[in-house]
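The values are calculated or read from the model by the stated rules, or taken from the named source; none is laboratory data. All values reported here derive from a predicted model rather than from experimental measurement. When we count neighbours, we look across all protein chains shown, and the Cβ atoms used for this are built from the backbone with ideal geometry, even at glycine.
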Amino acid sequence: MGWLITIFKLIISLLFDLLDFIMPPGIGTIYDILGGFLGLWLWGVPGGLQFLEIIDFTDRIDGFLPTLTLAGIYSIITRGKD
């Protein structure tokens, strides 16, 4: 059952990053802030990297970086390597 939840979380991350790609400027910054909290909730500290997208105030460059999806993939790869 754990892998099913992980796949669901990864799908949420993919959809979030897809919507981030098409967000207009201004709204995208608010979306990035909300995404940071979503990332923390889904993936923990690696998901908090989503907050770095706030730095791009034009909201153009950060749309090409699927930060939340990459944080999810990183979390999946490093799971259990403590």
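For residues in region 43-52 being in contact with a Phe, Trp or Tyr (Cβ under 9 Å, 6 or more places away or on another chain) and in contact (Cβ under 8 Å) with a residue 24 or more places away in the chain, which is nearest to LEU10 (Cα to Cα)?
Once the filter is applied, the top-ranked residue is TRP43.
Quick check, is LEU52 at pLDDT 90 or above and either touching a Cys at 6+ places or on another chain (Cβ under 6 Å) or assigned to a helix (DSSP H, G or I) (or both)? First the steps, then the outcome.
Values: at pLDDT 90 or above: no; either touching a Cys at 6+ places or on another chain (Cβ under 6 Å) or assigned to a helix (DSSP H, G or I) (or both): yes.
The answer is no for LEU52.
Can we say LEU68 is exposed (fewer than 11 other Cβ atoms within 10 Å of the Cβ) and outside any loop (DSSP other than H, G, I, E, B)? Even if it seems obvious, please write down each step before you answer.
Details: exposed (fewer than 11 other Cβ atoms within 10 Å of the Cβ): no; outside any loop (DSSP other than H, G, I, E, B): yes.
So LEU68 fails the test.
Go through region 35-54 and count every residue that is within 21 Å of ILE5 (Cβ to Cβ) and surrounded by fewer than 14 Cβ atoms within 10 Å (Cβ to Cβ).
Of the residues in region 35-54, 4 are within 21 Å of ILE5 (Cβ to Cβ) and surrounded by fewer than 14 Cβ atoms within 10 Å (Cβ to Cβ).
For the list (1) surrounded by fewer than 19 Cβ atoms within 10 Å (Cβ to Cβ); (2) modelled with pLDDT of 90 or more; (3) in contact with a Ser or Thr (Cβ under 7 Å, 6 or more places away or on another chain), I need the number of the one condition that PHE57 fails.
(2)
Do any residues in region 8-34 that are under 16 Å from ILE61 (Cβ atoms) and at pLDDT 85 or above have Cβ atoms under 6 Å from those of residues that are in a helix (DSSP H, G or I) and polar (S, T, N, Q), where the two are at least six apart or on different chains, and which pairs are they?
ASP17/THR69
Please go through region 1-34 and pick out each residue that is surrounded by 12 or more Cβ atoms within 10 Å (Cβ to Cβ) and not in a helix (DSSP H, G or I).
Selection gives MET23 alone.
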